[in-house]
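The values are calculated or read from the model by the stated rules, or taken from the named source; none is laboratory data. If you're wondering where the values come from, they're calculated on a predicted model, not measured in any experiment. Virtual Cβ from ideal backbone geometry, glycine too; neighbours counted across all protein chains shown.
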Amino acid sequence: MTDDCAVKVYKALGEATRFQIVKMLVKNSEMACLEMANHLDVGANSTLTHHLKPLFDCGLLAVRKEGTYRYYSLQRQILEQYAPALLRD
């Protein structure tokens, strides 16, 4: 990965809600948006989407669509490369 990717990863993790999303996905292999929203106390689905996009764009998240639901999972190899301590909690 390039330095540009590293900057994107650290920038995405630098925001508290996004950091919490990653921590939740370390403990849960996959989560739907509704599950995440319930744990994070975010007001609107658009707010959650706003936080998921940078995590997805930098390669930290993968998404699986099933009907109208989207399930997010962590790309552990990216997290291992840039922030391995988060995987050891």
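Remarks
- Residues of the range 1-34 satisfying the condition of being more than 16 Å from D57 (Cβ to Cβ), among the charged types (D, E, K, R) and surrounded by 12 or more Cβ atoms within 10 Å (Cβ to Cβ): K23, E30
- Restricting the range 38-89 to residues that are of a type in the set (S, T, Y) and part of a strand (DSSP E or B), the residue that is farthest from C5 (Cα to Cα): Y69
- Any hit, the range 7-30, residues being in contact with a Phe, Trp or Tyr (Cβ under 6 Å, 6 or more places away or on another chain), without any contact (Cβ under 8 Å) to a residue 60 or more places away in the chain and either not in a helix (DSSP H, G or I) or not charged (D, E, K, R) (or both): yes
- Residue count for the range 42-89 satisfying the condition of being small (G, A, S) and within 15 Å of E15 (Cβ to Cβ): 1.
- The residue pairs whose first member lies in the range 64-85 and is closer than 26 Å to A37 by Cβ, whose second member is among the hydroxyl-bearing types (S, T, Y) and modelled with pLDDT of 95 or more, and whose beta carbons are closer than 6 Å, counting only pairs six or more residues apart or on different chains, are R64/Y71.
- Complete set of residues in the range 1-50 that are charged (D, E, K, R) and more than 19 Å from R88 (Cα to Cα): D3, D4, K8, K11, E15, E35, D41
- Pairs with Cβ under 6 Å, 6+ apart, first in the range 39-63 and closer than 14 Å to Q75 by Cα, second assigned to a helix (DSSP H, G or I) and not small (G, A, S): L55/R18; C58/K8; C58/V9; G59/I78; L60/I78; L61/L55
- Subset of the range 50-89 [farther than 17 Å from E30 by Cβ and surrounded by fewer than 15 Cβ atoms within 10 Å (Cβ to Cβ)]: H50, K53, D57, E80, Q81, P84, A85, R88, D89
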